[in-house]
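Read-outs throughout are calculated quantities, based only on the coordinates presented, and are distinct from any laboratory measurement. Since this is a predicted model, take the numbers as computed values, not measurements. With ideal geometry, Cβ positions are generated from the backbone for all residues, glycine too; neighbour counts draw on all protein chains shown.
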């Protein structure tokens, strides 16, 4: 039996000393006080443990767990789910920020609409220096509504794959648990979060709110298996990964509680999305990176910083020559 009204905030961390204090301060400043923070330390080698123990000493709502096993990101998320005691839960990375009314707004909506399993706000970037961006990460048309059917939501998600900020909302714990586990399907950690959200969207209603209540850390995420490869071999590797993702997606669709016609249409949509992602959308992504470099638009950072070196060193020490796409400590940031 989960504790009514309680939010379990799950924080996986690996060598997070640079941003972890500001993230914890942001969470502890919430105007909704009925929450617990469970930090799972993936055997950090910096000051992470010291920081966590100090916050746990200061506030009994903070619980620090030093993992006995060194896990890659999705395994850490699966393990953290075993610590959920609240009616609601959320994933919080060690480098993001939240407005003080984030939790209160999300929980009130879930309490008002018991059929909704996930509610999330809009978001902006925050850079490594703490400067907050102005551009919303989601346009209004990309926000889900509780009135929409599971079929419509999955159809939309297959076409846009917008993980952030969707995955960083507040879940009804039973809905979150039903969509687990985070499932890897090759040597990368890419698209594990996309697969999880596709499954979740088949199981529950979702609501997106247009208020900016979350700030996603915009930093360099350069753990890309295409590094050092020729253009053709990098594209071949990427296409192979997307093919494996397609097969996993089709399996989710085939087992979704939908009609036969809806499942057929979503299979077609999945196949179209595969072709699009490995062709013209791949080109569009590269053009977007050029616009970011020229400072014509906000976007994922393409410049390395000290954070990159610290996380990269920790990842290599833990797993050797890991081919990982996304952030070193959490696959939700791919």
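Would you mind classifying segment 35-87 by shape? Square roots of the alpha carbon gyration tensor eigenvalues, ordered a ≥ b ≥ c; an a/c under 1.5 is rounded, otherwise it is prolate if a/b is larger than b/c and oblate if not.
Note, shape of segment 35-87 comes out oblate.
Considering only DSSP beta bridges whose two residues both sit in segment 50-206, what percent are antiparallel, to the nearest 5? Mind dumping the intermediate values first?
On the way: 6 of 8 bridges.
Beta bridges within segment 50-206, antiparallel portion: roughly 75 percent.
In percent, what relative contact order does segment 106-203 have, based on Cα pairs under 8 Å that are 6 or more apart in sequence?
Details: 99 pairs, mean separation 30.0, N = 98.
Relative contact order here is 31 percent.
Of all alpha-carbon pairs in segment 140-275, indicate the percentage at a distance above 23 angstrom. Walk me through the numbers on the way to the answer.
Numbers: 3527 of 9180 pairs.
Summing the P(r) tail past 23 Å for segment 140-275 gives 38 percent.
Just want the ordering: 40, 203, 180, from fewest to most Cβ atoms lying within 10 Å of their own Cβ. Numbers along the way, then the final one.
Details: 40 22, 203 17, 180 14.
Arranged by neighbour count, lowest to highest, 40, 203, 180 become 180, 203, 40.
Starting from the eigenvalues of the Cα gyration tensor, five times each then square-rooted, give me the equivalent ellipsoid semi-axes of segment 89-216, largest first, whole Å. Spell out each step's value before the answer.
Values: eigenvalues 91, 69, 42 Å².
The answer is 21, 19, 14 Å, longest axis first.
For segment 1-144, compute the orientation-averaged projected area of the C-alpha convex hull (one quarter of its surface), in nm². Walk me through the intermediate numbers first.
Details: hull surface 38.2 nm².
If I average the Cα hull's projected area over directions, I get 9.6 nm².
Label residue 66 and residue 210 with points 7 Å out from Cα along Cα→Cβ: what is the distance between them in nm?
Inter-label distance under the simple model: 4.9 nm.
Determine, for 74, 255, the number of other Cβ atoms within 10 Å of each Cβ, and report the residues in order from fewest to most.
Details: 74 22, 255 11.
Fewest-to-most Cβ neighbours within 10 Å comes out as 255, 74.
Counting other beta carbons within 10 Å of each residue's own, what order do 151, 120 fall into, fewest first? Please list the in-between numbers first.
Details: 151 19, 120 26.
Lowest to highest Cβ neighbour count: 151, 120.
Obtain the radius of gyration and the Kirkwood radius of segment 78-160 from its C-alpha atoms and give Rg over Rh.
Working: Rg = 15.0 Å, Rh = 15.3 Å.
Over the Cα atoms of segment 78-160, Rg/Rh equals 0.98.
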